[in-house]
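Beneath this line is the structure, given in structure tokens, with notes to follow.
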Amino acid sequence: MIVYRVDRGLLGFALHPDYPQQRYAFALMSVNMAVDSDAPNGPLLHPTVETMPECAPTLNPRSECCVSGDTPGLGSCEVTGRLYRLRLNANNEVDEETTLLRGWCHSGSSHHIGDLVFHRDTANGVDGLYVSGGDGAKHLAADTGDAGSICQNPEDPRPQGSFRSQWDEYLDGKILWLPMPSVMKAGGELTRSEYRIVAKGLRNPFRMAVHPTNHDIYVGDVGSMIYEEVNVVRNPHQDGIDESAIPNYGWPCIEGGDSTRGRNSFFTGIEYCQNPIPNYVAPGLFYGRTGPIQTLEVPEQCEPTNPGGSPGGIAFLTSDAFGDDWKNVLFWADSTRGCVFYFQKDADGTPDMTSLHTAFYTPQAERTGPRVVDLTVGRGANDQNTLYMLVYETSSVQTLTFVGDPNNGNIVESKRVPPPLVEKPSEEESSSSIRPIVDTAAAVAAVAIGGLLV
């Protein structure tokens with residue numbers, strides 16, 4: 001059963017890159033099932049309102065009867081994560097479900113699983129799927145493990161909790177690479193040799209995007225109470241994936257850079273954090289949770305109304321829909337600050353992490369959102385790829401249309417994509433800037449999968 005309270009749920013979804021010829025979808029979700037459970041809907045890790053109606057009569061019947069902490073009679077709200085491959089029939093109904101990976105045991109209520117991104121570099125024989133997941137720890141305290149939690153491995157003497165992002169035996173706090181033979185493996189579940197770790201030491205790599213020409217991975221890594229990060233994983237395939245030297249982004253010992261400022265004070269007493277972090281890579285960009293982003297061209301834009309920050313979407317614009325100079329520009333959003341940013345390109349076409357600009361923002365006095373939880377690229381006017389954002393509060397998809405540089409500083413404006421997404425655009429809509437972000441079959445597949453799994 002899918003668990004969707006707080007920052008959990010169906011957080012990663014992707015269609016096979018050759019859809020609809022290859023009628024498969026992939027879903028990364030939080031589930032109320034033990035890691036070793038093979039039953040489709042159980043056994044449950046904790047009761048739901050359906051099985052224990054007295055626990056919370058006002059909750060949705062499928063809500064889990066627990067909280068992210070110990071509560072008498074209910075207990076802690078541990079869940080696990082699973083990556084599913086879903087085969088779709090001609091009616092876009094799921095007729096086969098295969099578990100590819102299971103793990104990501106989660107004892108908090110935030111930074112659980114993350115994103116799914118297919119990547120294909122035909123010239124170099126690279127074809128497969130990137131999968132990201134958070135550290136799975138409690139996010140409001142220093143979590144080094146809890147002997148009473150099902151997520152604690154009693155046979156591992158090392159610190160756990162947030163530290164699972166450092167240990168290669170766990171999926172947590174990592175970016176994984178699944179080559180296409182593993183993605184499409186007959187019979188399903190993958191062994192350790194059938195996927196590779198390409199980055200670790202991440203707290204909550206919620207969203208990621210692959211550069212369209214040099215194939216580096218750009219990761220929005222949601223931080224704790226100190227810093228937020230945008231990290232860069234250099235093309236893992238350029239020299240071959242070497243798991244003896246996995247790029248390590250430092251969490252939980254370091255966030256915000258390897259300096260006295262960046263050392264995480266929550267964990268400085270842990271022996272592991274007192275030593276150099278192996279294969280440490282500093283963030284491409286980091287910023288605090290209060291005040292302006294100092295590297296922003298106009299720092300007073302996008303100050304948070306309350307302390308916080310959360311990189312909530314990241315995507316490359318892979319067309320010239322905004323003009324020739326904008327092709328392959330990296331856009332990213334901070335969900336808490338309600339802003340969309342972009343990086344100026346270097347001469348070689350890579351994002352200049354020191355040249356940050358605002359693409360879309362609302363003045364602080366007027367701010368009520370939007371909380372962007374994803375940015376993606378899809379068909380726009382004239383069948384060119386353009387940017388879309390998914391907004392949490394309104395459960396809406398909005399297109400970002402280039403408008404130049406008006407007085408308020410925005411270079412794009414947002415327009416809500418009118419539902420239903422599954423309808424074919426009319427001739428009038430086809431010539432406008434608002435179009436469905438996916439074709440009818442893909443949208444129906446998403447709807448069918450969502451309806452089946454929740």
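The values are calculated or read from the model by the stated rules, or taken from the named source; none is laboratory data. Because the structure is predicted, anything quoted here is derived from the model rather than measured. So basically every Cβ, Gly included, is an ideal-geometry build from the backbone, and we count neighbours across all protein chains shown.
The table below gives the values:
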item: Subset of segment 231-254 that is hydrophobic (A, V, I, L, M, F, W, C) and either part of a loop (DSSP other than H, G, I, E, B) or modelled with pLDDT under 95 (or both) - its residue that is surrounded by the fewest Cβ atoms within 10 Å (Cβ to Cβ); result: Ala245
item: Segment 365-386 - residue that is among the charged types (D, E, K, R) and touching a Gly at 6+ places or on another chain (Cβ under 6 Å) and, of those, modelled with the highest pLDDT; result: Asp374
item: Some residue of segment 90-101 being touching a Gly at 6+ places or on another chain (Cβ under 7 Å) and either at pLDDT below 90 or assigned to a loop (DSSP other than H, G, I, E, B) (or both); result: no
item: Out of Tyr361, Tyr342, sole residue that is at pLDDT 90 or above, closer than 19 Å to Gln398 by Cα, of a type outside the set (Gly, Ala, Ser) and surrounded by fewer than 23 Cβ atoms within 10 Å (Cβ to Cβ); result: Tyr342
item: Asn306 being among the polar types (S, T, N, Q), under 29 Å from Leu176 (Cβ atoms) and within 24 Å of the chain's Cα centre (by Cα); result: no
item: Near pairs, Cβ below 9 angstrom, 6+ apart or cross-chain, from segment 283-298 (within 12 Å of Met353 (Cα to Cα)) to any residue that is of a type in the set (Phe, Trp, Tyr) and assigned to a loop (DSSP other than H, G, I, E, B); result: Pro283/Tyr249
item: Checking Cys273 against (1) part of a loop (DSSP other than H, G, I, E, B); (2) without any contact (Cβ under 8 Å) to a residue 60 or more places away in the chain, the condition it does not meet; result: (1)
item: Segment 186-223, subset basic (Lys, Arg) and crowded, with 17+ Cβ neighbours inside 10 Å, residue nearest to the chain's Cα centre (by Cα); result: Arg207
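Yes/no matrix, rows are residues, columns are (1) touching a helix residue (DSSP H, G or I) at 6+ places or on another chain (Cβ under 8 Å); (2) assigned to a loop (DSSP other than H, G, I, E, B); (3) not β-branched (Val, Ile, Thr):
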position: Ser132; (1), (2), (3): no, no, yes
position: Gly136; (1), (2), (3): yes, yes, yes
position: Thr144; (1), (2), (3): yes, yes, no
position: Glu155; (1), (2), (3): no, yes, yes
position: Arg158; (1), (2), (3): yes, yes, yes
position: Ser162; (1), (2), (3): yes, no, yes
position: Trp167; (1), (2), (3): no, yes, yes
position: Ile175; (1), (2), (3): no, no, no
position: Gly187; (1), (2), (3): no, yes, yes
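Residue-by-condition table, conditions (1) over 30 Å from Arg371 (Cα atoms); (2) assigned to a loop (DSSP other than H, G, I, E, B); (3) modelled with pLDDT of 70 or more:
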{"site": "Arg5", "(1), (2), (3)": "no, yes, no"}
{"site": "Leu11", "(1), (2), (3)": "no, no, yes"}
{"site": "Ala14", "(1), (2), (3)": "no, no, yes"}
{"site": "Pro17", "(1), (2), (3)": "no, yes, yes"}
{"site": "Ala25", "(1), (2), (3)": "no, no, yes"}
{"site": "Leu28", "(1), (2), (3)": "no, no, yes"}
{"site": "Val35", "(1), (2), (3)": "yes, yes, yes"}
{"site": "His46", "(1), (2), (3)": "yes, yes, no"}
